[in-house]
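J.: Please find one structure pasted underneath; my questions will follow.
The values are calculated or read from the model by the stated rules, or taken from the named source; none is laboratory data. This one's a predicted model, so the numbers in the text were calculated from it and none came from an experiment. No Cβ is skipped: glycine too gets one built from the backbone with ideal geometry, and neighbour counts run over all protein chains shown. Areas reflect the complete protein model, heavy atoms only, side chains present, ligands, DNA and RNA absent. Shrake-Rupley method; radii C 1.70, N 1.55, O 1.52, S 1.80 Å.
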Amino acid sequence: MPKRYAFLLLLSLALFVGCEEPANTNAYDYDICVYGGSSAGVIAAYAAAKMGKSVLLIAPDRHLGGLSSGGLGATDIGNKYAVTGLSRDFYRRLGDEYDRMEAWTFEPHKAEKVFQDYIREVNVEVWYEHRLTKLSKKGTEIQEITVEDAGKTDFPTRTVKARQFIDATYVGDLLAMAGVSHTTGREPNSLYGETLNGVQLLDDNQFPPNSKETIFVDPYRIEGDSTSGLCWGISPEAVAEQGSGDKKIQAYNYRLCLTQDTTNQVPFERPADYDSTKYELLRRLIQARDGIGWQQKLGWFYLRIVHMPNGKTDVNNKGPFSTDMIGANYDYPEGSYEQRTVIESEHEAYIRGLLYFLSNDPGITPEIRSEMSAWGWAKDEFTDNNYFPYKLYIREARRMISEYVMTEHHCRGDSIAPGAIGMAAYNMDSHNCQRVVVYENGKAMVRNEGDVQVGGFPPYPIAYHALTPKQEECTNLLVPVCLSASHIAYGSIRMEPVFMVLGQTAAVAASMAIDQRSSVQEIDIPKLQKKLEEDPFLDGTLPDILSDNEDEGRAAITGDWEQHNLGGRYKKYALITNNEVTGASAEFILPVERSGRYKVAYYIPQPMKPAPWADSIHIQTTYGEKKARETFSLSERDREWLELPYRDFSAGDTVKVRVQTHGKPGWIPADAVLLIAEKN
């Protein structure tokens, strides 16, 4: 072929190639893709970046943090001892916002700021309002996912490839689309040999009659007339056998940020679709109690009002009829995005209507109307959502079924989970699942079914393989939120601090799987445990050193101390002694293995009521040849740390922290001491 023809052929080929359709510019590639902007999702994304991986965080919502920035400011802890690593770091960062060591009650916008700080510090890319539409697998590996931008009217899509995926949603959409085994609702007790699963017609958050009240609430629209139909919210189904399984979901609500500060308050308004008949059962309950002379207050019977900083609240469900919209969420876990939006709107309308009802309905006692009217929405929270929380409290949706399932036996300590990578500590807690009619002595009356509140156990470990799917189903997915647990065990595990612990675990495990070129099921679990223990903040900062009164060889107790299950205690119990008794002392012993600057923190649990703490406590720290003594006020101290200055401790030092009685009225505690290393 003549050279000029060869040149023309090459030129035409080059032009042909150049005219080909360009590569898909909507395809992206990362080491780790985290789906879900929950607290676990943010921590997982941050942890993965700290592990040196390229990370994408996909948030189906407009805001980060899930419930932790969505109104749940009264942290459900169970036991602070169980909160480790970046989860503990989150509450310490919130403490910085309030000039305290840790903040476990906080305002929503402060929490969102901390979550945004995490993302900015490691420059994680976030796609907001993007939701899953498609997933592609090859064998047991997820190859890519497609998401749509729900914030735009034409729903443009993008495709994401990743070596590892983390489902950090409250609903488990990614695990479900990946074909991973899962369940919803309540297993029968017989499945795992439990006692608190399935149908539970018990006494907590229950209508009267009960141990204190002999009144009852009639279920019919016209009282005493069964032909008039049931009041709103009551199921016509007969109650199934105790302990039997079903697909009913424990109730959802929103956690409400209210205030009585009129300078920062938006009054409750009558909703456009307000229907007072939805609250007829509550009206009857209040009137019946008023008829027998009960003094009634919102916070005693109808709303759980927990005070947050700066005059705000976290309001939660309380009693037989409150902010939980019982029975209205059964279709949520497996529902379409459109169905879920409808359910969320129904819950918002129900709660807005409830607050208006309690403020204005003439059938409510004047005292309750006046009390409710003093509250309003906090004007500086959820400002782009008409002051209403962003996130529905999805207490439970899908739960993965893996090779290892956490059950009631783990909560009670009858079984110990292998491969422990975090702890849970909260009560086995289920909210009500349905409102029904029962008959007692020939009378029809309203009952709630499904509420379980059983605790009294210490923190317990969670198995790593409760976060991994069955190996034959998926080998590059981790699930820190909708993990493998029975309904009642999930009720204990499902707390925001635990989700963050598990989010960090998932990110470190995914990084190890990449480095080891293994499935998530086959990573070196002892190596994972060592990383979480020795580098808890993933920045080289030395881990905390803890001494608890229960730790053998770590506490020397002399004199007359009593064991108490004080609120907010560390581990199983705390010690207290009467400060007026002479000769009582408690010395905590903390061996230092790695040199560094540490501060001593002495823990104060919740005081006994009505017995007050002493006015002050003296803390003496001894290390090497040095000795320091500080005095702290105990006035209004409740579940917080007393902080001593940073000091230089050397490897091999034994730090001794001592308190003793000093003859003045009141009580002093001995529970736990931490050495906290200065952050890198």
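J.: May I ask you to order 368-378, 559-569 by the average number of other C-beta atoms within 10 Å around their residues, highest value first?
T.: Details: 368-378: 18.9, 559-569: 16.2.
Final packing ranking: 368-378, 559-569.
J.: Compute for the stretch 153-242: radius of gyration divided by Kirkwood radius, i.e. Rg/Rh, restricted to C-alpha atoms, rounded to two decimals. Can you show the working numbers first?
T.: On the way: Rg = 22.2 Å, Rh = 18.8 Å.
That ratio is 1.18, to two decimals.
J.: For the stretch 28-108, run through the chymotrypsin sites (Phe, Trp or Tyr not before Pro) and keep only the ones in DSSP coil with at most 16 other Cβ atoms within 10 Å of their Cβ.
T.: Tyr98
J.: Given H placed 1.01 Å from N in the peptide plane, which residues other than close sequence neighbours of Gly229 have an amide H under 5 Å from its amide H?
T.: The list, which skips near neighbours in sequence, is Arg221.
J.: Give me the one-decimal Kirkwood hydrodynamic radius in Å for the stretch 360-471, with the sum taken over alpha-carbon pairs. Present the calculation step by step, with values, prior to reporting the outcome.
T.: Numbers: mean 1/r = 0.0525 Å⁻¹.
Roughly 19.1 Å, rounded to one decimal.
J.: Still on this structure, please answer the following. Quick check: from the Cα gyration tensor, does the stretch 245-357 come out rounded (a/c under 1.5), prolate or oblate? Let's see the in-between values first.
T.: On the way: a/c = 1.72, a/b = 1.27, b/c = 1.36.
Verdict is oblate for the stretch 245-357.
J.: Given the rule -39500 (n - 2.57) for each run of at least 4 DSSP H residues, summed and divided by the residues of the chain, what is its mean residue ellipticity at 222 nm, to the nearest 500 deg cm²/dmol? Walk me through the numbers on the way to the answer.
T.: Working: 14 runs with 156 residues, N = 680.
Rounded to the nearest 500, it is -7000 deg cm²/dmol.
J.: Ignoring any ligand, DNA or RNA, what whole percent of the accessible area of the stretch 272-311 comes from carbon and sulfur when the probe is 1.4 angstrom?
T.: Details: 940 of 2000 Å².
For the stretch 272-311, the apolar C and S fraction of the accessible surface comes to 47 percent.
J.: On to the next question. For Asp331, Asp653, give the ranking by accessible area with the largest first, probe 1.4 Å. Kindly include the intermediate steps, with their values, before the conclusion.
T.: Values: Asp331 105, Asp653 35 Å².
In descending accessible area the options line up as Asp331, Asp653.
J.: Next question. Calculate how large, on average over all directions, the projected area of the Cα convex hull of the stretch 578-638 is; give the answer in nm² to one decimal. Don't jump to the answer; show the numbers that get you there.
T.: Working: hull surface 22.3 nm².
Averaged projected area of the stretch 578-638's Cα convex hull equals 5.6 nm².
J.: Another question about this same structure. Which distance in nm do the two modelled labels at Glu338 and Leu201 give, with both placed 7 Å along the Cα-to-Cβ direction?
T.: Computed distance between label sites Glu338 and Leu201 equals 3.9 nm.
J.: Could you compute how fast the stretch 571-672 diffuses translationally, taking Rh as the Kirkwood radius over C-alpha pairs and applying Stokes-Einstein at 37 °C with viscosity 0.692 mPa s? Give it in µm² per second.
T.: 230 µm²/s
J.: What part of the accessible area of the stretch 476-523, given as a whole %, is carbon or sulfur when the probe is 1.4 angstrom?
T.: On the way: 260 of 690 Å².
Carbon and sulfur together cover 37 percent of it.
J.: Students often forget the sequence filter, so: which lysines lie under 20 Å Cα-Cα from Lys527 once same-chain residues fewer than 8 apart are removed?
T.: Lys50, Lys53
J.: For Lys679 and Ser518 in the same chain, what is the full-extension length gain: residue separation times 0.36 nm, less their Cα-Cα distance, in nm?
T.: 54.7 nm
J.: For a paramagnetic label modelled at 7 Å from the Cα of Arg100 toward its Cβ, which residues of the stretch 556-575 fall within the zone defined by backbone nitrogen distances under 17 Å?
T.: 567-570
J.: So what's Rg/Rh here for the stretch 283-432, counting alpha carbon atoms and using the Kirkwood radius for Rh?
T.: That ratio equals 1.04.
J.: For an R0 of 22 angstrom, estimate the FRET efficiency from the Cβ-Cβ distance between Ala374 and Val266 and round to the nearest 0.05. Don't jump to the answer; show the numbers that get you there.
T.: Numbers: r = 14 Å, r/R0 = 0.61.
Efficiency, rounded to the nearest 0.05: 0.95.
J.: Same structure again: Given an 8 Å cut-off on Cα distances and at least 6 residues of separation, report the relative contact order of the chain as a percent.
T.: Working: 1573 pairs, mean separation 104.9, N = 680.
For the chain, the relative contact order is 15 percent.
J.: How large is Rg over Rh for the stretch 42-150, taking Rg from the Cα atoms and Rh as the Kirkwood inverse mean of 1/r across Cα pairs? Let's see the in-between values first.
T.: Numbers: Rg = 16.0 Å, Rh = 15.5 Å.
Result: Rg/Rh = 1.03.
J.: Quick check: residue separation of Ser633 and Lys664 times 0.36 nm, minus the Cα distance between them. What number comes out in nm? Don't jump to the answer; show the numbers that get you there.
T.: On the way: separation 31, 0.36 × 31 = 11.16 nm, distance 1.29 nm.
Using 0.36 nm per residue and subtracting the Cα-Cα distance, I get 9.9 nm.
J.: A further question on this structure: So what's the projected area for the stretch 334-395, the Cα convex hull averaged over all directions, in nm²? Working shown, then result.
T.: On the way: hull surface 22.5 nm².
Computing the convex hull of the Cα atoms and averaging its projections yields 5.6 nm².
J.: On a 1.4 Å probe surface of the protein chains, which of Lys312, Lys152 comes out largest in accessible area, and what is the full order? The partial results should precede the final answer.
T.: On the way: Lys312 5, Lys152 110 Å².
So, going from the largest accessible area down, we get Lys152, Lys312.
J.: Shifting gears a bit: For the stretch 313-425, with all protein chains present and a 1.4 Å probe, just round the carbon and sulfur fraction of the accessible area to a whole percent. Don't skip to the end; give the middle numbers.
T.: Working: 1860 of 3880 Å².
Ligands and nucleic acids excluded, carbon and sulfur reach 48 percent.
J.: Now for a different question. Given q = 0.07 Å⁻¹, what are the Debye log10 I(q)/I(0) values for the chain, with equal point scatterers placed on the Cα positions and solvent ignored?
T.: Each listed q maps to, in turn, -0.52.
J.: Could I ask something else about it? Given Cα pairs under 8 Å that are at least 6 residues apart, what percent is the relative contact order of the stretch 133-249?
T.: Values: 134 pairs, mean separation 25.5, N = 117.
It comes to 22 percent, rounded to a whole number.
J.: For Lys443, give me every one of the lysines with a C-alpha distance below 25 angstrom, ignoring sequence neighbours fewer than eight places off in its own chain.
T.: In chain and number order, the partners are Lys212, Lys278.
J.: Then there's this: So if each residue of separation counts as 0.36 nm, and I subtract the Cα-Cα distance between Glu141 and Glu472, what length gain in nm does that give?
T.: 118.2 nm
J.: Rounded to a whole number of µm²/s, how large is the Stokes-Einstein D of the stretch 463-578 at 20 °C and 1.002 mPa s, given Rh as the Kirkwood radius over C-alpha pairs? Numbers along the way, then the final one.
T.: Details: Rh = 17.1 Å.
Diffusion coefficient, whole number: 126 µm²/s.
J.: At 1.4 Å probe radius, can you tell me the per residue accessible area of the stretch 69-203 in Å²?
T.: Values: 5040 Å² over 135 residues.
Here the per-residue accessible area is 37 Å².
J.: Straight-line reach from Lys627: which lysines have a Cα under 18 Å away, not including same-chain ones fewer than 8 places off?
T.: Filter leaves Lys599, Lys656.
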